[in-house]
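J.: Sharing a structure below in structure tokens format, with a few things to ask.
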Amino acid sequence: MGKLFKNFTKKDIGMIIVSIILIIFQVWLDLKLPDYMSSITRLIQTENSTLTDILTQGGYMLLCAGGSLLSAVVVGYLASCVAASFSLTLREKIFAKVESFGMEEIKKFSTSSLITRTTNDVTQIEMLVAMGLQLLIKAPIMAIWAVSKILGKNIQWSALTGIGVLILLVTVSTLMFIVLPRFSKVQKLIDKINGVTRENLTGIRVIRAFNAEGFQEDRFQQVNEELTKTQLFNQRCFAIMNPVMNLVNYFLTLGIYFLGAFMIAEAGMVDKINLFSDMVVFSSYGMQVIMSFLMLAMIFMMWPRAEVSAKRINEVLESDISIADGTKTTATKEVGTVEFKNVSFKYPDADEYLLKDISFKANKGDTIAFIGSTGSGKSTLINLVPRFYDVTEGEVLVDGINVKDYTQEALHNKIGYVPQKAVMFTGTVASNVSYGDNGRAKPTMKKIKEAVAVAQAKDFVENMDGQYEAHIARGGTNVSGGQKQRLAIARAIARDPEIYIFDDSFSALDYQTDAILRKELKKYTKDATSLIVAQRIGTIMNADQIIVLDKGNVVGMGTHKELLKTCEVYKEIALSQVTKEELENA
Amino acid sequence: MPRPGGRTYEKSKDFKGSIKRLLAHLKPWHVLMSFALVLAIASSILALVAPDKLSDLTDTISAGLQPNVSEEHIAEVLQDPTIPTEDQQQAMQILSSIDEDSNTDEILAALDQLPSSIYDEVKPTMDMDKVKNIALLLAILYVLSALFSYVQHYSMTTVSNQFARKLRRSISTKINRLPLKYFDNHETGDVLSRVTNDVDTIAQNLNNSLATLVSSITLFLGSILMMFITNWIMAITAIVASLLGFTLIGVILNKSQKYFIRRQKELGDMNGYIEEIYSGHNVVKAYNGSKEAEAEFAKLNQQLYESNQKSAFLSGLMPPIMSFVGNLGYVAVCIVGALLAMNNIISFGVIVAFMVYVRLFTNPLSQMAQAMTNLQSTAAASERVFEFLDETEMTDQKECTKHLDKSKVKGEIEFKHVKFGYDPHKMIIKDFNATAKPGQKIAIVGPTGAGKTTLVNLLMKFYEINDGDILIDGVSTKQLTRENIHDLFIMVLQDTWLFSGSVRENIKFNKDDVSDNQIWQALRTVGVDHFVQTLPGGLDAILSDNDGISQGQKQLLTIARGMIEDAPFLILDEATSNVDTRTEELVQKAMDKLTEGRTSFIIAHRLSTIKNADLILVMQKGNIIEQGTHEELMKQQGFYEKLYNSQFEKTA
């Protein structure tokens, strides 16, 4: 938590200091109030006092109350500014940090966890800062001041107040001890309820096909029961809070008065009146003491939750970035080449290599295809080119220069990457196709239309409402999988890159569209180099070079015809898709 | 404990109707709720009575402050023969030192020096028995009030949680009764938020607001009543002074509401944006979109800052204003009270009582305002829940009078002029006719959007056909219950649906009598037995979202789940699309064994998998355009042949 507070700006700290001064002022006023109250009481009780006296005292009291209100309003304003600007800064920093992450860090934290860290966790801290600025500062000042006012006045009454505080603290800490761990359990159970319901919804066809509705309802009900049980326990425990708080407050006043009656009865006549007014003042200060300890208790209840959030945020902010930027941005001798030199790769915390000793070179205009069974390392291999991950051993060269030497921006300007799972952003067809920055001007409408046409997306785009300006919903939910994939390909084309990377990007297309698309693409981008990962033999059989991967090793390299003769794995893959005659005739 | 962020500040469409309906749904708990509410009222009444007693106590104590020094009493004492004369003389001396100019303290100090015999006569006497009695009464009142309050909270907690459990269960059951069509138009997240957020809002507010509202109203009305009974001038003073403050609060509450709604919306927008950018991280990076993203994020962040700051500021104003209103009322009551007391219209005790009534009167007003806001959001949330529970369910199955016995089915399926569209104005399947003979392997191929999966949905009666008929062994599926039809089919889908649970639970699913042997057998058939053995715990290994099991392996597990079942028909809807072709071939061989003797329907992207089908139906735009075996279709040199050969088309 302390580390996070370093994110306060100078202006924030200035506002905090002003707040502290104002809060001290406010506490002084608040503690002054009972004095005026008791003198008004005394005036009313005394027979010969005049209305003017009461009006004067009443005026002072209102002045105090008004002053307290005013400073509370100003403090409230400052606190809301500080809290909001603090959370603004935090969110900005987290977002910028996540943007600088490589895929490894994203994988480490998981996307959904990063989202909650940027939003919910920051909100938690924001609440603590907003409340804390007012309570955290006010409560101790109030407690100390109020205690000092009553301390030494009377030992019995002080002892009574002390007992009240003790009872409160014991109750609060016992409750926290019992209930707090169950709060996290409730959170987990809510996640579980969500999880089971999500399963019910996503698997609805399977569940119905298996007539498993009852089975699923039982699973849901199990979590539901457990959630209800835990919640009931928690809330029943917490229901004690209010009555105990009230009891302590009431009994403190009653006790002070009761003890006071005996003391007054025993005292001499001079002391009687003094004791009486002390008693009235003491009972209101006693309340203030109790209230301030309650405020402290509230902060202690909020603190652990905020602390957890602070830890999660710090983990993100302090995470090392595995991908360090290079410096090269200038033009290169070679253009459109990709070379792997003895590249090996494993995840940092893994024992086994995913890729072992891979070497090949793609020249300008070449099409290099990668094929292999699930888990053979094809995707991992091409993810090394845009530096989503860095090689463990060896080097990857683009245009003759190690990818680590480029600034990431310069490297990415050369690349048009189409991922396995097409990503769409909220916006329009055009904004999605023209997405990003390639160091040159944004693509023109003409360019966008060309790219869409080459990607075989023209028909459906022009059938959409608004055509190129048609709305794309969050996550691209209003276009089908195949359509998304074609738009993602159009995005790469509109970028005009030297090197295309297709990571199994044709899988959602039917054979015909796949074939036409690749033919058109070849025509449109004669000079560009393509790296293609695919499952289908048909997609890659015309590549200049096919690299066959098996468990991270290259087991074959060559053209389709060559591999059919030399590479057993390739032959097996091919034969699983087409017959022997077809292979020979093709 | 308040749950930050989870609160919705929505306005309901029909507040009264929703609350009425909510209350009707709460019927099983009406007795317990009434009990709780009676306790809330009782507890509030005790709170109203207690200050009255406390001011009695104050009066009794202050009555014990004044010495009995009236001239008659002094004269009486000084002449009392039972008191020694020297004491009387000493007293005379002391008293004579007091003159007109002496202040109270000097007088009292002088009195304290009186000889004890006389001092005992003039010293103030406090009615200690009365003090003890009042204190005891107060203690009982306080304890009772606390007890009532606890029992009331306890009961309401019970009601709200049991009600939440019932609502969640109703929603969960409802999901299974809705036609699939519903889920085509509604997002998963929407239903999810009804199960959690909305139910939570209802339960939370039910727990707090209802009892608070009732006890606040009691306190409010009670304190007004008590005030008017005591003194009407003072009552009006107190009310006017407080109302001044409350108009201010009303204005603020109204204003802050707007910012809360805005804040909620902006938080949602930001969440959506972050989700989009984080989950598309690879594309954002590769396309150098970070700067663009940061600029857009900064804009959203700034917007959120403003509504955050304003809503926090405005909502933070409430407590200080409340305490100011309290003080204002206090001073007003004191001044007016003093004025009245000086004119001997009221006694001092009345003023003391009013000081307490003012506090009792101002507190519940703000609580009522808060409770009303909460009830508003409860109404909005329950509207959303009820809306879901009111959705039209699947057609009832009274007309389904026939039943087909799984073990006696021959296995013939006939489609007769089937017409269907998800949207009744837009037919997807236009006039579909086909017959599958017992034991045949039927493949359905065609480009994306041709209606292949739709056909399966109709066969499984997930959707009702618009026209025509589907017959199983000559019996119209319209006369069969959905459960009966589902029972006749084994179905494996493209989406690899597994739930979080062990491998064993996932394979067994809803069947009880499956031995581990059978499970291993199925796993072996699809070739994942080795993989499962390497998992920690084997069959007991827990499957969850982020367990690093590939899509292909998950798909194989779902196929194994299908294999456990025994039914006369088999549907494979792109069941091997995530598996690489070599593995697919292995699975295919196992499948062929599985499909022996069963009528099976296979939908596939990869044409190689279905070449050995007995009948290939080529679909385009909802119609069959070609049908026959692979060889026949290739000879026709039509659409199928083109589709098939496009796999090998040269790109250069």
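J.: Residues being within 9 Å of chain A (Cβ to nearest Cβ) and either part of a loop (DSSP other than H, G, I, E, B) or over 30 Å from the mean Cα position of the chain (by Cα) (or both): count how many of those fall in region B:501-516.
T.: The qualifying residues number 3.
J.: Answer yes or no as to whether A:G416 is within 11 Å of chain B (Cβ to nearest Cβ), under 27 Å from A:S480 (Cα atoms), in contact with a strand residue (DSSP E or B) (Cβ under 6 Å, 6 or more places away or on another chain) and surrounded by fewer than 21 Cβ atoms within 10 Å (Cβ to Cβ). If you could, list the steps in order and put the result at the bottom.
T.: Working: within 11 Å of chain B (Cβ to nearest Cβ): yes; under 27 Å from A:S480 (Cα atoms): yes; in contact with a strand residue (DSSP E or B) (Cβ under 6 Å, 6 or more places away or on another chain): yes; surrounded by fewer than 21 Cβ atoms within 10 Å (Cβ to Cβ): no.
No: the conditions fail for A:G416.
J.: Among what's in region B:264-286 and is closer than 15 Å to B:K299 by Cα and crowded, with 22+ Cβ neighbours inside 10 Å, pick the residue that is nearest to the other protein chains (Cβ to nearest Cβ).
T.: Top of the filtered list is B:I274.
J.: When only residues in region B:112-150 that are exposed (fewer than 15 other Cβ atoms within 10 Å of the Cβ) and in contact (Cβ under 8 Å) with a residue 60 or more places away in the chain count, which is nearest to B:S44 (Cα to Cα)?
T.: If we take residues in region B:112-150 being exposed (fewer than 15 other Cβ atoms within 10 Å of the Cβ) and in contact (Cβ under 8 Å) with a residue 60 or more places away in the chain, then B:L144 is nearest to B:S44 (Cα to Cα).
J.: May I pose another question? Go through (1) more than 7 Å from chain B (Cβ to nearest Cβ); (2) touching a residue at least 24 places away in the same chain (Cβ under 8 Å) for A:E266 and report which single condition fails.
T.: All conditions pass for A:E266, except number (2).
J.: Return the only residue of A:L575, A:L509 being over 42 Å from the mean Cα position of the chain (by Cα) and modelled with pLDDT under 80. Outline the logic, then answer.
T.: Working: A:L509 fails: over 42 Å from the mean Cα position of the chain (by Cα).
None of the others qualify; the one that does is A:L575.
J.: A follow-up question, please. Restricting attention to region A:80-92, and to residues there that are facing chain B (nearest Cβ under 7 Å) and over 20 Å from A:V316 (Cα atoms), which single residue is surrounded by the fewest Cβ atoms within 10 Å (Cβ to Cβ)?
T.: A:C81
J.: If you don't mind, there's one more thing I want to ask. With the requirement that a residue be assigned to a strand (DSSP E or B) and either more than 13 Å from every other protein chain (Cβ to nearest Cβ) or surrounded by 22 or more Cβ atoms within 10 Å (Cβ to Cβ) (or both), what does region A:419-436 give you?
T.: Taking region A:419-436 as the starting set, the residues that turn out to be assigned to a strand (DSSP E or B) are A:427-428.
Passing the criteria: only A:T428.
J.: In region A:437-492, how many residues are more than 12 Å from every other protein chain (Cβ to nearest Cβ), over 27 Å from B:E294 (Cβ atoms) and basic (K, R)?
T.: 3
J.: With under 23 Å from A:I40 (Cα atoms), within 11 Å of another protein chain (Cβ to nearest Cβ) and either in contact (Cβ under 8 Å) with a residue 40 or more places away in the chain or part of a helix (DSSP H, G or I) (or both) as the only criterion, which of B:G326, B:G316 stands out?
T.: B:G326
J.: Does A:G377 satisfy the criteria of being closer than 24 Å to A:M103 by Cα, at the interface with chain B (Cβ under 9 Å from one of its Cβ atoms), within 34 Å of the chain's Cα centre (by Cα) and of a type in the set (G, A, S)?
T.: Numbers: closer than 24 Å to A:M103 by Cα: yes; at the interface with chain B (Cβ under 9 Å from one of its Cβ atoms): no; within 34 Å of the chain's Cα centre (by Cα): yes; of a type in the set (G, A, S): yes.
Judged against the criteria, A:G377 is not a match.
J.: Of all the strands (runs of 3 or more DSSP E) wholly in region A:302-406, which have at least 1 residues that are under 30 Å from B:Q555 (Cβ atoms)?
T.: Ranges flagged: A:338-345, A:355-362, A:367-371.
J.: Got a sec? Which of B:M227, B:M234 is within 14 Å of chain A (Cβ to nearest Cβ), in contact (Cβ under 8 Å) with a residue 24 or more places away in the chain and in a helix (DSSP H, G or I)? Before the answer, list the steps.
T.: Numbers: B:M227 fails: within 14 Å of chain A (Cβ to nearest Cβ).
So the residue among B:M227, B:M234 that is within 14 Å of chain A (Cβ to nearest Cβ), in contact (Cβ under 8 Å) with a residue 24 or more places away in the chain and in a helix (DSSP H, G or I) is B:M234.
J.: Further, regarding this structure: Evaluate the following for B:V331: is it surrounded by 19 or more Cβ atoms within 10 Å (Cβ to Cβ), more than 7 Å from chain A (Cβ to nearest Cβ) and assigned to a helix (DSSP H, G or I)?
T.: Numbers: surrounded by 19 or more Cβ atoms within 10 Å (Cβ to Cβ): yes; more than 7 Å from chain A (Cβ to nearest Cβ): no; assigned to a helix (DSSP H, G or I): yes.
No: the conditions fail for B:V331.
J.: OK, next. Return yes or no: is B:I519 part of a helix (DSSP H, G or I), within 36 Å of the chain's Cα centre (by Cα), more than 10 Å from chain A (Cβ to nearest Cβ) and closer than 23 Å to A:G203 by Cβ?
T.: So B:I519 does not fit the description; no.
J.: For residues that are assigned to a strand (DSSP E or B) and of a type outside the set (F, W, Y), tally how many sit in region B:468-500.
T.: 10
J.: Name the single residue, out of those in region B:287-304 being buried (at least 20 other Cβ atoms within 10 Å of the Cβ) and within 7 Å of chain A (Cβ to nearest Cβ), that is farthest from A:R491 (Cα to Cα).
T.: In this case the residue turns out to be B:N301.
J.: With surrounded by 14 or more Cβ atoms within 10 Å (Cβ to Cβ) and within 14 Å of chain A (Cβ to nearest Cβ) as the only criterion, which of B:N344, B:N374, B:N363 stands out? Step through it out loud before you land on a result.
T.: Values: B:N344 fails: surrounded by 14 or more Cβ atoms within 10 Å (Cβ to Cβ); B:N374 fails: within 14 Å of chain A (Cβ to nearest Cβ).
Within the list B:N344, B:N374, B:N363, the selection yields B:N363.
J.: Filter region A:93-110 for residues that are part of a helix (DSSP H, G or I), buried (at least 17 other Cβ atoms within 10 Å of the Cβ) and either in contact with a His (Cβ under 9 Å, 6 or more places away or on another chain) or within 9 Å of chain B (Cβ to nearest Cβ) (or both) and give the result.
T.: Result: A:F95, A:V98, A:E99, A:M103, A:I106.
J.: Could you tell me which of the residues B:E393, B:E383, B:E387 is on the phi < 0 side of the Ramachandran plot, within 13 Å of another protein chain (Cβ to nearest Cβ) and among the acidic types (D, E)?
T.: B:E393
J.: Moving on. Out of everything in region A:217-259 that is in contact (Cβ under 8 Å) with a residue 60 or more places away in the chain and at the interface with another protein chain (Cβ under 7 Å from one of its Cβ atoms), what residue ends up being surrounded by the most Cβ atoms within 10 Å (Cβ to Cβ)?
T.: Ranking the candidates gives A:F251 first.
J.: Continuing with the same structure: Please go through region B:39-83 and pick out each residue that is without any contact (Cβ under 8 Å) to a residue 60 or more places away in the chain and in a helix (DSSP H, G or I).
T.: B:S62, B:E71, B:E72, B:H73, B:I74, B:A75, B:E76, B:V77, B:L78
Per-residue answers, yes or no, for (1) under 27 Å from A:N363 (Cβ atoms); (2) in a helix (DSSP H, G or I):
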| position | (1), (2) |
| --- | --- |
| A:A441 | no, no |
| A:A453 | no, yes |
| A:Q483 | no, yes |
| A:F502 | yes, no |
| A:D514 | yes, yes |
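J.: For region B:143-165, indicate whether the set of residues that are farther than 30 Å from A:R219 by Cβ, outside any helix (DSSP H, G or I) and over 29 Å from the mean Cα position of the chain (by Cα) is non-empty.
T.: no
J.: Is it fair to say B:E266 is touching a residue at least 24 places away in the same chain (Cβ under 8 Å) and either assigned to a helix (DSSP H, G or I) or polar (S, T, N, Q) (or both)?
T.: Spelling it out, B:E266 is indeed touching a residue at least 24 places away in the same chain (Cβ under 8 Å) and either assigned to a helix (DSSP H, G or I) or polar (S, T, N, Q) (or both).
J.: Okay, moving on. Please state which one of B:F462, B:F420 is assigned by TED's automatic domain parsing to the domain that holds B:G628, of a type in the set (F, W, Y), surrounded by 15 or more Cβ atoms within 10 Å (Cβ to Cβ) and closer than 30 Å to B:K593 by Cβ.
T.: Answer to the selection: B:F462.
J.: Still on this model: Would you call B:A50 within 14 Å of chain A (Cβ to nearest Cβ) and in contact with a Leu (Cβ under 8 Å, 6 or more places away or on another chain)?
T.: Yes; evaluated as a whole, the condition is true for this residue.
The values are calculated or read from the model by the stated rules, or taken from the named source; none is laboratory data. A quick note: this is a predicted structure, and the numbers were derived from the prediction, not measured. Methodologically, a virtual Cβ is constructed for each residue, glycine included, from the backbone with ideal geometry; neighbour enumeration extends over all protein chains shown.
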